[in-house]
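Here's the structure, in structure tokens; my notes come after.
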Amino acid sequence: MSEQYNDKPLIGISLGDYNGIGPEVILKALESNQLSSMCTPVIYGSLRVLNRYRHLLNMKDWNLHGIQRPDQANPKHTNVITCWNDQQTEVEPGKVTPEAGQAAFASLKRAVEDLKAGKIQALVTAPINKDNIQSEEFKFPGHTEYLASSFGAREALMFMVAGDLRIGVLTGHIPLGDVRHQVTRNKLAAKIKQMLTSLREDFGAGKPRIAVLGLNPHAGENGLLGKEEQEVIIPLLNEFREKGDLVFGPFPADGFFAAKTYRNYDAVLAMYHDQGLIPFKTLAFNEGVNFTAGLPAVRTSPDHGTAYDIAGKNQAEPGSMLQAIYLACDVSRYRSELKELQKNALQEKPQPSESQHPSNKQYQRNKF
């Protein structure tokens, strides 16, 4: 293996809304230095804001390292790039302010620029408020759509990950009334292909098995409760299987999760946001990670929001943020290894098996 894989990746972490729990979970995740053997963290945000939270959370003996560029990062410290003029910034935990939204976008924009330029190996995004971040430059429902646009991807797949539990969604941040019209042959085929590719290239699944949920109650009950299963989903899944892909369904969502059938598959594709995220967060809250599949770069985030109600109260749990950083490290390293193997294809080096994939090792303790 090339010596470059012994180097710790630079992992960018965008601050999110500084009046939410983003700064707290970032600091708590990094405080014990347990990540220092895996990566060098670079926080995109504000040294002033983070120091305010550091004192608020009684982390006074721990210093942050201010830098201007990722290549100045010190692997022995927690590095911070200030992304806006923060001299007049007033931290008000739990309060929704336009200033916090503007700062969240400034942090995200700078981090994405460095990610696109290859200056950092992956990006972990802390929660934003999808309302106060809106501006002329940011007119997106959330991080996933912004990143897809930034990288010129037509669409990206919101992929929720917690160990062996992986749930993607066909439609993301759209009104429920619009979901039915988005369940089309082309869109479904594209999402399944993205999921198959990600399972192979990001998670080391050699022959991935995917379960697809139905749109309607009881998966349409043979057309009695809706036609989408009969007209769109079932014919398409048959075509995938005829080509050798292990894609099954459609399954009624309620019974599928109640019977723990998800354990038989490498991933599950839900039709809409809440159909996938309600069971995911029920099974894996505080440990789950939002991974954006279908991008040329690695992006993860914790599976929670800004949680204004507990912001600044030293109550936020950093578990999901920690797992998001772990997964960003694992996937970025695995992608680098695959690139190296492809370069040395003539030497016939085998690709790592699913059981050898670093993210699977990391998550062995998480069984659902």
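How many residues does segment 153-200 contain that are of a type in the set (Asp, Glu) and at pLDDT 90 or above?
So the count comes out to 2.
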Taking into account only those residues within segment 56-74 that are aliphatic (A, V, I, L, M) and touching a strand residue (DSSP E or B) at 6+ places or on another chain (Cβ under 8 Å), which is surrounded by the most Cβ atoms within 10 Å (Cβ to Cβ)? 73
Scanning segment 217-256 for residues that are in a helix (DSSP H, G or I) and at positive phi gives 218, 219, 220
Scanning segment 67-95 for residues that are among the aliphatic types (A, V, I, L, M) and under 24 Å from the mean Cα position of the chain (by Cα) gives 73, 80, 81
What strands (runs of 3 or more DSSP E), lying completely within segment 145-215, carry at least 2 residues that are within 14 Å of the chain's Cα centre (by Cα) and crowded, with 23+ Cβ neighbours inside 10 Å? 157-162, 165-169
Name the single residue, out of those in segment 123-141 being crowded, with 17+ Cβ neighbours inside 10 Å and touching a Lys or Arg at 6+ places or on another chain (Cβ under 7 Å), that is farthest from residue 39 (Cα to Cα). 125
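How about segment 6-114: which strands (runs of 3 or more DSSP E) wholly inside it have at least 2 residues that are touching a helix residue (DSSP H, G or I) at 6+ places or on another chain (Cβ under 6 Å)? Can you show your working first?
Details: elements: 10-14, 40-45, 65-67, 79-82.
Strands (runs of 3 or more DSSP E) meeting the threshold: 10-14, 40-45, 79-82.
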With respect to residue 263, determine if the residue is part of a helix (DSSP H, G or I) and of a type in the set (Lys, Arg). yes
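The values are calculated or read from the model by the stated rules, or taken from the named source; none is laboratory data. The structure presented is a predicted model; accordingly, all values stated were derived computationally and were not measured. Virtual Cβ from ideal backbone geometry, glycine too; neighbours counted across all protein chains shown.
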